[in-house]
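Have a look at the structure below before the remarks.
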Protein chains: 6
Amino acid sequence: MFYKLIQKIDRIHPFPQAKAHCDIPCGIYDPITAQIDALTVVRMMDLIAGLSEGDEKARVEFHNSMSRYIAVKEEHAEKAKHEIRVIWGDFIKDAHVEKYPELPGLVHKIMQLGSKSRQTADRETGLAFVDAINQFSEIFWAIKEIKTKKAKAPYAPSLEMVYPDL
Amino acid sequence: MFYKLIQKIDRIHPFPQAKAHCDIPCGIYDPITAQIDALTVVRMMDLIAGLSEGDEKARVEFHNSMSRYIAVKEEHAEKAKHEIRVIWGDFIKDAHVEKYPELPGLVHKIMQLGSKSRQTADRETGLAFVDAINQFSEIFWAIKEIKTKKAKAPYAPSLEMVYPDL
Amino acid sequence: MFYKLIQKIDRIHPFPQAKAHCDIPCGIYDPITAQIDALTVVRMMDLIAGLSEGDEKARVEFHNSMSRYIAVKEEHAEKAKHEIRVIWGDFIKDAHVEKYPELPGLVHKIMQLGSKSRQTADRETGLAFVDAINQFSEIFWAIKEIKTKKAKAPYAPSLEMVYPDL
Amino acid sequence: MFYKLIQKIDRIHPFPQAKAHCDIPCGIYDPITAQIDALTVVRMMDLIAGLSEGDEKARVEFHNSMSRYIAVKEEHAEKAKHEIRVIWGDFIKDAHVEKYPELPGLVHKIMQLGSKSRQTADRETGLAFVDAINQFSEIFWAIKEIKTKKAKAPYAPSLEMVYPDL
Amino acid sequence: MFYKLIQKIDRIHPFPQAKAHCDIPCGIYDPITAQIDALTVVRMMDLIAGLSEGDEKARVEFHNSMSRYIAVKEEHAEKAKHEIRVIWGDFIKDAHVEKYPELPGLVHKIMQLGSKSRQTADRETGLAFVDAINQFSEIFWAIKEIKTKKAKAPYAPSLEMVYPDL
Amino acid sequence: MFYKLIQKIDRIHPFPQAKAHCDIPCGIYDPITAQIDALTVVRMMDLIAGLSEGDEKARVEFHNSMSRYIAVKEEHAEKAKHEIRVIWGDFIKDAHVEKYPELPGLVHKIMQLGSKSRQTADRETGLAFVDAINQFSEIFWAIKEIKTKKAKAPYAPSLEMVYPDL
C-alpha cells in the first residue's frame, strides 16, 4: 500500500523511452567535463606529492599550496561525481541499462572512487577514477551511436582519454 | 588493457566492507534531510497550483510568487537527489547491494523522479518522489539495524513519512 | 524623520500574527537539519583530535584529512547558523518573542557559538553549540504545540538530542 | 542538567569583551555591502514595476526580464540578511547589546523585512528594508566611534544612505 | 606616489613569461567547457522560442519550463564568462597579448555578449557568443601549438565548433 | 566566413553607448566591494604571517587557523576578481576604453594579481592587488563624473583607499 504509488506513476506517466528526445534537465550532455575534472584530481595529487616544507618562509607557502591543492582536488572530484550523476539520472533510461547491464555498478564505482580520491592523495585511486569515467564516456557515446577514439590529454597529466571522433 | 586499472586498484586497496566504520566523506548520514526536501517539492507544487493571476497589481505578485515557488522546487529536488547520491556513493557498499538488490534501481528511480519533479509541477510525480525516498530511508535504517516507524510529517503537506524509532 | 518609514510600514502592512499561516520563505521549518549540522561539527572535532602526523607518506594523508575535517566543520557550523537564522527571521514572530523572551539572546548565543566552533577545534564549544540548538528546537516544537522527547543520536557522536515525538 | 553546558562554557571560555580585537570570522566588517544589497532590492522592484508584457515577441523578453529581476531581488535580499547576521553574530558583543538595547529587535526586523522583500515586489517594503539597514549601520559605526554622514547613493535609486565620514 | 607599487612589484616579482609552466590556479585549462556552456545558452533560447502558454493546466507548465530555461541560460552564460576570465587571467601572459593583440578586445566582447545573452532571448546574440568563444578557443590552442579542426557539435544545436585535433 | 557573425550582430544590435542607461546585469555598480575584498586579502596575509605552530595542542589550533585564513584569502581574492570582471563586462563600454586606453591592461593586471594573491601569502602582492583595484576605482568614478578622495580604511590593515566624495 505504502509505495505502490511509484508503480502507479510509472503506468500513468511512463518515463520516456530510450529514443525519446530529452528536454532540460536533459539539455546538452557531454562526459568531457567529468573527464577533465578527474584529470584535474590526478594533477593535484601530483602537485601534492611534489611539495616539501623547507625552511620558515617556505613553510607558509607550503601550507598555502597544500591547502589549495587539496581544495581543488575536493572540488573537482565532487564535480565529476555530480556530472556523472546528472547524465545517469537524466539521460540514461531503463532500456540503456538493459543493453549495458554494467552501468549501475560502474556508476556506483565512480561514486566510490570519487570519494576515495577525496579521502586520500593516492595517485592509483585518481587513475582508477579517470579510467572509470573514461569507461562511462565510451558507453555514453556508444548509446548516441558516435564513434570514439583514444588520445593523450593535451595537458599534464597527459593520460589516455576517450574522445568522440567528430 | 585500458580499464584494467580499476580491477587492480580493487585488489590493492579493497573498498571497506559493509561493517567497516566510515570516516568522512562518511560522516553522519541521515536520509531525513532528503525526505524533508522531497516534501518541500510537494509543498511547492501545492502552492503553485493555488496561484492565480488576477488583476494588474496581482499580476506582479503572481510572477514573483510563481518564480520563487519554482526556484524552491528546483533547489530542493536537486538537494534531495544530491543527498541520496552521497549516501549511495559513500555509505552503501557492495555487500549492501547484494542484500538489497533493488537498491541500484531504486536510486536510479529517485534520480529520474527528482528530475521529473523539476520538469513539471505535477503533484503525482512529487508524491512518487517522496515515496521513493521513504523507501530508500527504510532500507538505510534496516542496514543500520535501527527500527523505523511511520508518522505524518508535522507540517504541510503532512504525508506519511518513515522515521527511525529512537 | 529618517527611519520613521519602518514604523509606517508596520502600520500599513502589519507582520502576520503568530497564528498566521506562513507561505514561502516560510515553507517547511524543521530544526533537525541544524541539529545534525551541529552534531557534525562535534564529529569533526573528534576526528581532528584523533589525527597524528607520523612519517613522510602519512604526512600527506595527515594534511589531506586535516584540511577536509576543518572544511567540513566550517561548512556545517555555517549551515547550522544559517538554518537557525531562517527559522528566526521567517517563522518566529513578535508574539513568540513575548512568550519566550529568552529567544533573542539564545539566537545570538547560537551565532556566537557557531563562530567559535569555526575558530577553534575545542570540543566543549562544539557541545555547547549542539546544546544551544537543542534548546532552540525545544522552544520551536513548543510553539508548534508538538511534544518533544530526548534520545541519543543514531550515529557518532551519539549525543542526547531533542526530537519531536511524532 | 541538559543545557547547563552553555553556562559552563561561558565561564571557562568567556566570549571576548566589547573592546577585544576580533580575529576571523571577525575579519573586516562593513555594513556598506548590505546597504548596497538592500538598495539593489529597491532597484529591482522599480524595474519590475516598469515592465509590460506587450506583443508576442515582447512577451518572451518580458518573461526573461521578469525572471531575472526577481532572481536578483531574491539574491540581494538574502545577501543583505546574511551580511547583517555575520556582523550581528561575530562583531556585536553582549556589552554592545546592553548599550544599544534596540539591537536584537532591529536585527529581527531586518530579517523579517528581508523576507518580506523577497515575498513581494512592494516598494514600501524595500524602502523599509534599506532604512532598517541604514539604522543598523549608524549603530555599527557609533560602536566603532567613527562619525557618520548622510548622502544620496551615487546610483539609482538614489536614496539617502548612512556612510562613515572618513 | 600612490600606485607606483604595481610597477615595483613587477620588477621584484616579475610575472612568469609566456613559456613558464603554470601551477594552480593554472591547473588544466580547456575552453571546451566554455564552448559547451555557450552552446547551452543557444539551446535554451531555442527551447524558450518553442514554448506556448495554452490552456489553464498548460499555463503552469509554461511558467515552470520558462523559468527553468531562463535560469539555465543565466547560469551557463555566467559560467562561460567565468571560464574565459580564468583562462584570460591565469594562462594568458603579456607576451601572448603582444602576439595576439586582438585578445583584450575579444575577451571584452565575450563578456558583453555573455551579458547580452542573459538580458535577452535573442538567438543572434547567442550565436555571436558561441562564435566569439570559438575564436578565443582557436587562439588558445594556437598558443599551445596544438592544431584545431572544425566539426558540428554532437548535440542540438549542432553548430560548428572549434576542437583541438588530438 | 566563420566569425563574421560578431561584426554582423554589432551592426544590427549595437552595444549601448557610454551614456546609455544600463539595466540589469547593469544594476548598481560600486567597486567598493572589490576594494574591501582586496583589503581582506592583505588582512589574511598579515594573520597568516602572525601564526606559529607551538606545542601539541596549539598545533591543532595552528592548522585550524591556517586553513581558514587561506580559505578566506582565496574566497576574497576570487570575489574581487569577479566583481571587477562584472563592472568591466557590463558597465565599461568601448567609448570608455578609448578614453582610458590603460583599462584593458589594468583589468588584466588585476586578474593576474588576484591569482598571484591566491598562489602566495606574500604581502607585497596583496598590496599591489589593493592598489590596482583602487586605480580601477578612480577611473570608474571619473567615468561617472563623481569626484574621489583618499582616506585610510576604517579597519586593519588601514591602507589608503579611494572613495567617492559624496
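The values are calculated or read from the model by the stated rules, or taken from the named source; none is laboratory data. Here the structure is a predicted model, which means the values were calculated and not measured. Every residue, glycine among them, receives a Cβ derived from its backbone with ideal geometry; neighbour counts consider all protein chains shown. The accessibility values were calculated without ligands, DNA or RNA, using every heavy atom of the protein model including side chains. Shrake-Rupley method; radii C 1.70, N 1.55, O 1.52, S 1.80 Å.
Checking each residue in the range D:26-49 for being free of Cβ contacts under 8 Å to residues at least 24 places away in the same chain and within 20 Å of E:Ser67 (Cα to Cα) picks out only D:Leu47.
Report the residue count in the range F:20-67 for those that are among the charged types (D, E, K, R), within 30 Å of D:Ala49 (Cβ to Cβ) and modelled with pLDDT under 90. Give the steps one after another, and end with the answer.
So the first thing to find is which residues in the range F:20-67 are among the charged types (D, E, K, R), and the list is F:23, F:30, F:37, F:43, F:46, F:53, F:55-57, F:59, F:61.
Subset that is within 30 Å of D:Ala49 (Cβ to Cβ): F:23, F:30.
Next, only the ones that are modelled with pLDDT under 90 stay: F:23.
Looking only at that region, the number is 1.
Set side by side, the residues F:Asp94, F:Asp131 differ, and just one is open to solvent by less than 30 Å² (accessible area, probe 1.4 Å) and acidic (Asp, Glu), which is F:Asp131. One residue alone among F:Met66, F:Met44 is buried (at least 19 other Cβ atoms within 10 Å of the Cβ) and either within 16 Å of E:Pro104 (Cα to Cα) or in contact with a Ser or Thr (Cβ under 8 Å, 6 or more places away or on another chain) (or both), and that residue is F:Met66. Count of the range B:69-80 residues, restricted to those that are more than 17 Å from E:Phe62 (Cβ to Cβ) and open to solvent by less than 20 Å² (accessible area, probe 1.4 Å), is 2. How about the range F:80-98: which of its residues are assigned to a helix (DSSP H, G or I), facing chain E (nearest Cβ under 10 Å) and of a type in the set (D, E, K, R)? Scanning the range F:80-98 gives F:Lys81, F:Arg85, F:Asp90, F:Asp94.
For the range D:104-121, the set of residues classified as assigned to a helix (DSSP H, G or I) and among the hydrophobic types (A, V, I, L, M, F, W, C) consists of D:Leu106, D:Val107, D:Ile110, D:Met111, D:Leu113, listed by residue number. Of the residues examined, D:Arg85 is not one that is open to solvent by 40 Å² or more (accessible area, probe 1.4 Å) and in contact with a helix residue (DSSP H, G or I) (Cβ under 6 Å, 6 or more places away or on another chain). If you go through the range F:43-84 and keep only what is more than 20 Å from A:Glu75 (Cβ to Cβ) and under 13 Å from the mean Cα position of the chain (by Cα), you end up with F:Glu83, F:Ile84. Being assigned to a helix (DSSP H, G or I), open to solvent by 20 Å² or more (accessible area, probe 1.4 Å) and facing another protein chain (nearest Cβ under 8 Å) is a description that applies to F:Glu124.
Could you tell me whether the range F:75-85 includes any residue that is modelled with pLDDT of 95 or more and more than 23 Å from D:Tyr29 (Cβ to Cβ)? Yes. Looking across the range B:135-147, the residues that are surrounded by 18 or more Cβ atoms within 10 Å (Cβ to Cβ) and either within 7 Å of another protein chain (Cβ to nearest Cβ) or in contact with a Phe, Trp or Tyr (Cβ under 7 Å, 6 or more places away or on another chain) (or both) come down to B:Gln135, B:Ile139.
Within 18 Å of D:Val72 (Cα to Cα), in contact (Cβ under 8 Å) with a residue 24 or more places away in the chain, part of a helix (DSSP H, G or I) and out of contact with any strand residue (DSSP E or B) (no Cβ under 6 Å at 6 or more places or on another chain) - does that describe any residue in the range D:130-145? So far as the range D:130-145 goes, yes, one or more of its residues are within 18 Å of D:Val72 (Cα to Cα), in contact (Cβ under 8 Å) with a residue 24 or more places away in the chain, part of a helix (DSSP H, G or I) and out of contact with any strand residue (DSSP E or B) (no Cβ under 6 Å at 6 or more places or on another chain). Within the range F:50-72, residues that are more than 9 Å from chain A (Cβ to nearest Cβ) and at positive phi sit with their Cβ atoms under 9 Å from residues that are surrounded by 16 or more Cβ atoms within 10 Å (Cβ to Cβ) and among the acidic types (Asp, Glu), at 6+ positions apart or across chains, in these pairs: F:Gly54/F:Glu61.
Looking across A:Pro157, A:Pro101, one residue alone is more than 8 Å from every other protein chain (Cβ to nearest Cβ), open to solvent by less than 20 Å² (accessible area, probe 1.4 Å) and in a loop (DSSP other than H, G, I, E, B). It is A:Pro157.
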